[in-house]
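The values are calculated or read from the model by the stated rules, or taken from the named source; none is laboratory data. Note that the coordinates shown come from a computational prediction; the quantities given were computed from them, not determined experimentally. Glycine also receives a Cβ, built like all others from the backbone with ideal geometry; neighbour counts cover every protein chain displayed.
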Protein chains: 4
Amino acid sequence: MKVGFIGLGHMGHPMAARLLGAGHRVTVYNRSPGRGADLVAAGAIPAPTPAAAARDAEAVFTMLADDAAVEAVMPGADGLLAGLAAGAIHLSSSTISVALAERLETVHRDAGSVLVSAPVFGRPDAAAAGRLFVVTGGPGPALAHCRPLFEAVGQHTFTVSGQPAAANLVKLTGNFLIAATIESLGEAFALVRKAGVDPGDFLEVLTGTLFTAPVHRTYGTLIAEDRFSPAGFPMGLGLKDVKLVLAAAEAARVPLPMASLIRDQLLSGLARGHGDLDWAALGLIAAGNAGLGTGRSE
Amino acid sequence: MKVGFIGLGHMGHPMAARLLGAGHRVTVYNRSPGRGADLVAAGAIPAPTPAAAARDAEAVFTMLADDAAVEAVMPGADGLLAGLAAGAIHLSSSTISVALAERLETVHRDAGSVLVSAPVFGRPDAAAAGRLFVVTGGPGPALAHCRPLFEAVGQHTFTVSGQPAAANLVKLTGNFLIAATIESLGEAFALVRKAGVDPGDFLEVLTGTLFTAPVHRTYGTLIAEDRFSPAGFPMGLGLKDVKLVLAAAEAARVPLPMASLIRDQLLSGLARGHGDLDWAALGLIAAGNAGLGTGRSE
Amino acid sequence: MKVGFIGLGHMGHPMAARLLGAGHRVTVYNRSPGRGADLVAAGAIPAPTPAAAARDAEAVFTMLADDAAVEAVMPGADGLLAGLAAGAIHLSSSTISVALAERLETVHRDAGSVLVSAPVFGRPDAAAAGRLFVVTGGPGPALAHCRPLFEAVGQHTFTVSGQPAAANLVKLTGNFLIAATIESLGEAFALVRKAGVDPGDFLEVLTGTLFTAPVHRTYGTLIAEDRFSPAGFPMGLGLKDVKLVLAAAEAARVPLPMASLIRDQLLSGLARGHGDLDWAALGLIAAGNAGLGTGRSE
Amino acid sequence: MKVGFIGLGHMGHPMAARLLGAGHRVTVYNRSPGRGADLVAAGAIPAPTPAAAARDAEAVFTMLADDAAVEAVMPGADGLLAGLAAGAIHLSSSTISVALAERLETVHRDAGSVLVSAPVFGRPDAAAAGRLFVVTGGPGPALAHCRPLFEAVGQHTFTVSGQPAAANLVKLTGNFLIAATIESLGEAFALVRKAGVDPGDFLEVLTGTLFTAPVHRTYGTLIAEDRFSPAGFPMGLGLKDVKLVLAAAEAARVPLPMASLIRDQLLSGLARGHGDLDWAALGLIAAGNAGLGTGRSE
């Protein structure tokens, strides 16, 4: 299948490599040109502009940092939209706002092209192994057509709605649940630690009983070990995602008091200079509020 | 081993049966006498008082509803303490306050007996199958001595501290994490539901990706299906447990903002007449705050 | 003094009338033309465009609904900026975002004109009586020059900063404090009411002791009497203002947990269909969460 | 009138002096005997026990630190209850729990005496000047009979209910509103301060516009000036009062999310070692969460 790929960052690069490895013809574009050299060496076609990456493609991925980055590659003579053929598909995999997904859907409908939202769960190593989870929303035929692409990058594909934006909402809501897990673990560890229980022992109880999910193991370990850098996902980006889910919920008139609480804790973390720590450092904020020093200096 | 067992309710009854089945000599006491007839038929020795259940026993379990019930069986000529031999062990498995565990430890030290806290995770069916998780705290020799008893009722025994009360704190903190999971799921489902996503599809995404723990499956299913009665664990008891963890945290000077939030939501549930629903009905409160009717009438 | 006035709504109209009454030459512009007829009859000069209202003026007020309305009158050949003479002053009295105030300051600096922020506290009747409170920020000479204008519309003028945006922040923070007062009163009345205390008696205790401020009397009375419509300031606008203060605080990395809580309560109010009630109906939400019916149907 | 007075602390001492000055015959008791020497010199009759203070009195005040102190003076041969004549009145002016007030009412009814709750608003200087506010609840004839006593200590007497406990609830709810005002001011000052606005200027805007109540002036000044010691009312006692209102609200099934938030902030303050600062230091917590140092070291 002829595929365009825009955005060769930590997630986009391994995803493009997986598509290439699965035998698709992949045309790649990245704002900073160097990023795709190894992909080109492996057979990818370099494109000088988003429009060039979209030209001739049946489907074009965007995997970019945020709303602004996606909005930047769309318009103009060099933009994705100018290159995309009638009936071709924009596969939007970035974590973007629900509002932007809704605007993109309209833009594509007016242009005669199709938006499919396909955000993913998983970190770069999962992307490299084709073990992402892909959450998709969009018109049925377009989803069916792109299924081989999802299977190249992911271990499982979920279809949640005929509306693309619903997939973005599900992704953001999932990120909220990760954040809620971190915050609750942070408070729990602060409490048992202050009472003299060994954090490792407590982690063993949790992950050995009811709290066996990857989200518990990953973040429980970071908090138990006070290991907040290097950041897998920094607090600053965490705040961005929590803001996106709050914005979507606000538009839908849905209060999310836990998300509000997490936002305030993240803000306090940033105010105290922890913006570059992993968002597991919500546990550091909870410990500080309990008057605990930790292994780290605060 | 000679064991006493006080409290033959939904949890205590199957635990006593497991001990009996493992070949221990079990003397049983229950405030309402009928409860243990089948156990006696199977070989248990009936005791007319807590003191009688404790007499001659190396270890006596209490598995009772709350602090008040435990405090009621301790004092007086008929009480547990009067019957317990010097050096014998009180195995406290009820979910009680940290403060009571601390008081009991002192009482036993003064009396020449020993307190071991051994609260459990798991529902009655897990108790019947010997699949509980037992969280223990107390003096090492006493813990070692009682290990066969823990193995009769549980699939795994965790030792968290030489202080009995620390095991109670770990248990309460675990319950807080369950409540936090429910509340976060409740908010998440309210959001995606209002946006038109099918709750079952959303549950599938969650439990198929990062949220695979029993706590996610159990409560996610109840919320996705609006199935809040019959209650496995009613809101009223949920509030009791959240209050216990807040009290322990307050004594330790540890703020738990998520627990505070959950307490307020549970209170609102009780105020609206939902006290007999399962505490998964936190999801009902979240839906109501989002202006959603649900399958149930509110 | 030659003054332009853009925006003749509930607040702008009486302010323009006060300026006229104080002997200033006032040129008025409103998007819907009819609004200023009585002012013109009283001597105001009608302007067909914002640019025309600004031309020849030493200072031009804007008193508009929100950021979007202010941004709409600025650009283009008909816009305020095109009409404003070098060195002339834009008096921004609307409740706008801190971010917009910062952008406007830059725009004016580039254009050779001057921004003064002069948001006000007070309702339309106070505007008509020249009893507003004017909170000003901007360059000292511009503030001094405009003082007669502030005195025409207000009973007192506060100068908080050389930075215009600081005055907007102070205004938004004041609105946050009003909202916090309403929410706390709403919770308090729900509590005493459920305990059988007469709301009027409770109001008398409050306003007769420590809670004697206008903000207590105004909102305490509305809550005590369950009088939420007609809305003096509807929940929907309240949410807008709380969002503005949260946005300013977020940019400054300042958590405002009370504002977050109020935002969630307002969202719940809107979700339940109360968006057109006065924001005193935060008390209605609190009562509902306490399981109280009120005089109103919910 | 023959009056007993139990508890000659910071509040009780000046209240007893006022009663004496108004011509009543006052018998005084204090646990630490020295406290009343000057009152005795001025004509008060010293009593060696609570019972002695109650004997022959038509009404006996208690003005003690907390529930425990009140419960300590009630029972036994030396206790208030033993000394109180049939039909005599216990005037309970301490800030105690609603639950204790309800228990005391029953105790007195059984004993043939009468409980009147008469908690007060005001600090020691107001007590000395007879400028307290007295909030009363109890049977009408008893209230009428005691009116001269209320007038001796207070500038105004409010009657809120025939139920004594309702007066205690109103008092606690008032304290909650004070705490909510402090917390909201703390957040507001943190925000404007971080944006570079002078705290004194901001205070002037607040107290010169809508926020003119004593509660704003008192706590706004302390926060603006970072003046948290010596404590007029320390954080530790503040936490006690917030807990009392939360307990009363919980019993009535009324969520008070603002009180929950304040409780968590006070706990964090205590955890950080600020328990002896005035509860205005909620502003210090808010500033710390915003990453602000203040004039004080944190």
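The selection criterion, being more than 21 Å from B:GLY122 (Cα to Cα), at pLDDT 95 or above, not in a loop (DSSP other than H, G, I, E, B) and not assigned by TED's automatic domain parsing to the domain that holds B:LYS243, does not hold for B:ALA85. Is at least one residue of the range B:194-216 touching a residue at least 40 places away in the same chain (Cβ under 8 Å) and either more than 14 Å from chain C (Cβ to nearest Cβ) or assigned to a helix (DSSP H, G or I) (or both)? Yes; the residues of the range B:194-216 include at least one that is touching a residue at least 40 places away in the same chain (Cβ under 8 Å) and either more than 14 Å from chain C (Cβ to nearest Cβ) or assigned to a helix (DSSP H, G or I) (or both).
Note on the range C:220-234: residues that are within 15 Å of C:ALA286 (Cβ to Cβ) and either assigned to a helix (DSSP H, G or I) or polar (S, T, N, Q) (or both) total 4. If the condition is being of a type outside the set (Gly, Ala, Ser), at the interface with chain B (Cβ under 9 Å from one of its Cβ atoms), more than 14 Å from A:ALA247 (Cα to Cα) and in contact (Cβ under 8 Å) with a residue 60 or more places away in the chain, then the range A:172-188 contributes A:GLU183, A:LEU185, A:GLU187. Looking across the range B:90-111, just one residue is without any contact (Cβ under 8 Å) to a residue 24 or more places away in the chain and β-branched (Val, Ile, Thr), and that is B:THR106. If you check A:GLY34 against the conditions, is it at pLDDT below 95 and within 24 Å of A:VAL135 (Cα to Cα)? Judged against the criteria, A:GLY34 is not a match. For the range C:135-149, indicate whether the set of residues that are touching a residue at least 12 places away in the same chain (Cβ under 8 Å), farther than 21 Å from C:HIS10 by Cα and within 7 Å of another protein chain (Cβ to nearest Cβ) is non-empty. The answer is no; no qualifying residue exists. For C:VAL242, are the conditions met, namely being under 26 Å from D:ALA287 (Cβ atoms), assigned to a loop (DSSP other than H, G, I, E, B) and in the same structural domain as C:ALA190 (by TED's automatic domain parsing)? It is false that C:VAL242 is under 26 Å from D:ALA287 (Cβ atoms), assigned to a loop (DSSP other than H, G, I, E, B) and in the same structural domain as C:ALA190 (by TED's automatic domain parsing). Scoring A:GLY269 on the criteria (1) more than 8 Å from every other protein chain (Cβ to nearest Cβ); (2) in a loop (DSSP other than H, G, I, E, B); (3) at pLDDT 95 or above leaves a single failure, condition (2). Just the residues that are within 23 Å of D:ARG103 (Cα to Cα) and in contact with a Leu (Cβ under 7 Å, 6 or more places away or on another chain), please, taken from the range D:139-166. If the condition is that a residue be within 23 Å of D:ARG103 (Cα to Cα) and in contact with a Leu (Cβ under 7 Å, 6 or more places away or on another chain), then D:CYS146, D:THR159, D:PRO164 are the ones that fit. Hey, any hits in the range D:167-174 for a residue that's touching a Leu at 6+ places or on another chain (Cβ under 6 Å) and among the charged types (D, E, K, R)? Checking the range D:167-174: not a single residue is touching a Leu at 6+ places or on another chain (Cβ under 6 Å) and among the charged types (D, E, K, R).
Checked against the criterion of being basic (Lys, Arg) and out of contact with any helix residue (DSSP H, G or I) (no Cβ under 8 Å at 6 or more places or on another chain), the candidates B:ARG217, B:ARG147, B:ARG193 yield just one match: B:ARG147. Which helices (runs of 4 or more DSSP H) does the range B:1-82 wholly contain that include 3 or more residues that are surrounded by 22 or more Cβ atoms within 10 Å (Cβ to Cβ) and more than 18 Å from the chain's Cα centre (by Cα)? Counting at least 3 such residues, we get B:50-54. Taken together, C:HIS90, C:HIS145, C:HIS108 contain a single residue that is touching an Asp or Glu at 6+ places or on another chain (Cβ under 8 Å) and at pLDDT 95 or above, which is C:HIS145. The listed residues are D:VAL107, D:VAL116, D:VAL120, and the only one of them that is touching a Gly at 6+ places or on another chain (Cβ under 7 Å) and closer than 24 Å to D:ALA82 by Cα turns out to be D:VAL116.
Is it true that some residue in the range A:230-241 is closer than 20 Å to B:PHE202 by Cα and away from chain D (no Cβ under 14 Å)? For the range A:230-241, residues closer than 20 Å to B:PHE202 by Cα and away from chain D (no Cβ under 14 Å): present.
One line per residue, one yes/no per condition, for (1) in the same structural domain as C:LEU91 (by TED's automatic domain parsing); (2) within 20 Å of D:ILE262 (Cα to Cα); (3) among the charged types (D, E, K, R); (4) touching a His at 6+ places or on another chain (Cβ under 7 Å):
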| position | (1), (2), (3), (4) |
| --- | --- |
| C:LEU203 | no, no, no, no |
| C:THR207 | no, no, no, yes |
| C:GLY220 | no, no, no, no |
| C:PRO255 | no, yes, no, no |
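Among the candidates A:LEU282, A:LEU292, the residue that is assigned to a loop (DSSP other than H, G, I, E, B), within 14 Å of chain D (Cβ to nearest Cβ) and farther than 15 Å from D:LEU261 by Cβ is uniquely A:LEU292.
Within the group A:ALA247, A:ALA252, which residue is surrounded by fewer than 24 Cβ atoms within 10 Å (Cβ to Cβ), in contact with a helix residue (DSSP H, G or I) (Cβ under 9 Å, 6 or more places away or on another chain), within 22 Å of C:GLY236 (Cα to Cα) and within 8 Å of another protein chain (Cβ to nearest Cβ)? Exactly one residue qualifies, and that residue is A:ALA252.
Restricting attention to the range A:119-126, does a residue exist that is farther than 23 Å from B:LEU203 by Cβ and assigned by TED's automatic domain parsing to the domain that holds A:GLY232? No, every residue in the range A:119-126 fails to be farther than 23 Å from B:LEU203 by Cβ and assigned by TED's automatic domain parsing to the domain that holds A:GLY232. Being out of contact with any Gly (no Cβ under 8 Å at 6 or more places or on another chain), of a type in the set (Ser, Thr, Tyr) and either outside the structural domain of C:PHE233 (by TED's automatic domain parsing) or at pLDDT 95 or above (or both) is a description that applies to C:THR173.
Scanning the range C:156-171 for residues that are of a type in the set (S, T, N, Q), more than 9 Å from chain D (Cβ to nearest Cβ) and farther than 13 Å from D:LEU206 by Cα gives a single hit, C:ASN168. Applying the set (1) within 14 Å of chain C (Cβ to nearest Cβ); (2) modelled with pLDDT of 95 or more; (3) surrounded by fewer than 23 Cβ atoms within 10 Å (Cβ to Cβ); (4) out of contact with any Ser or Thr (no Cβ under 9 Å at 6 or more places or on another chain) to B:GLY275 leaves exactly one unmet item: (2).
Here A:SER92 passes the criteria (1) more than 10 Å from chain B (Cβ to nearest Cβ); (2) crowded, with 23+ Cβ neighbours inside 10 Å; (3) out of contact with any Leu (no Cβ under 8 Å at 6 or more places or on another chain); (4) of a type in the set (Ser, Thr, Tyr) except the one numbered (3). Of all the listed residues (D:VAL70, D:VAL26), the sole one being in contact with a helix residue (DSSP H, G or I) (Cβ under 8 Å, 6 or more places away or on another chain), assigned by TED's automatic domain parsing to the domain that holds D:THR95, of a type outside the set (Ser, Thr, Tyr) and farther than 23 Å from D:GLY232 by Cα is D:VAL26.
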